[in-house]
Amino acid sequence: GGGGGGGGGGGAPLGAVQVVEQQQEPARAAPKRASKRLRSYSPEERMRASPLLRKLMEAADFNSNVDGGSQAWKALMQEAIGLAPAAGHAELIGIMRAFRSNTIGKHGKLLDGLIERWQAAPPT
């Protein structure tokens, strides 16, 4: 009989954990909004950057959710590929594949990460 009571006691903490997980669900949904791209590059940052990084900053900040925006953004990225060494082409093409014209966040964040890495160690 005592063993059954222990099992019941073990069930209560599991129930408590489930409640905690349920309480965390809305918290997971809220950061989706916060995960939007919050930064943009200042004129000073662009001036200090190499021509390649300047072009990537322009593409990261570009609002493609307008008429002709998708084609204009892709043209910026083609210019960046032209400025980049061959070692960087695959990553730039990968970002172009992730592009969705109505969501600046995804490709903007990918470009932000790439810019940060390439500022520290440019592709050669």
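The values are calculated or read from the model by the stated rules, or taken from the named source; none is laboratory data. All figures in this text were calculated on a predicted structure; none of them were measured in a lab. Glycine gets a Cβ as well: all are built from the backbone with ideal geometry, and neighbour counts include every protein chain shown. The protein model used for the area step is the full one, side chains on, heavy atoms only, and it has no ligands, DNA or RNA in it. Shrake-Rupley method; radii C 1.70, N 1.55, O 1.52, S 1.80 Å.
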Could you say whether any residue in segment 5-15 is within 26 Å of the chain's Cα centre (by Cα) and either open to solvent by 50 Å² or more (accessible area, probe 1.4 Å) or at pLDDT 95 or above (or both)?
no
So in segment 70-83, with the set limited to residues that are farther than 21 Å from Pro43 by Cα and touching a helix residue (DSSP H, G or I) at 6+ places or on another chain (Cβ under 7 Å), which one is most open to solvent (accessible area, probe 1.4 Å)?
Lys74
Checking Ala90 against (1) modelled with pLDDT under 90; (2) open to solvent by 50 Å² or more (accessible area, probe 1.4 Å), which test does it fail?
(1)
Report whether or not Asp67 is modelled with pLDDT of 80 or more and surrounded by fewer than 10 Cβ atoms within 10 Å (Cβ to Cβ).
yes
Which residue pairs have Cβ atoms under 8 Å apart, sit 6 or more places apart or on different chains, and have a first residue in segment 84-112 that is farther than 18 Å from Ser50 by Cα and among the hydroxyl-bearing types (Ser, Thr, Tyr) and a second that is assigned to a helix (DSSP H, G or I) and open to solvent by less than 40 Å² (accessible area, probe 1.4 Å)?
Ser101/Gly69; Ser101/Ser70; Ser101/Trp73
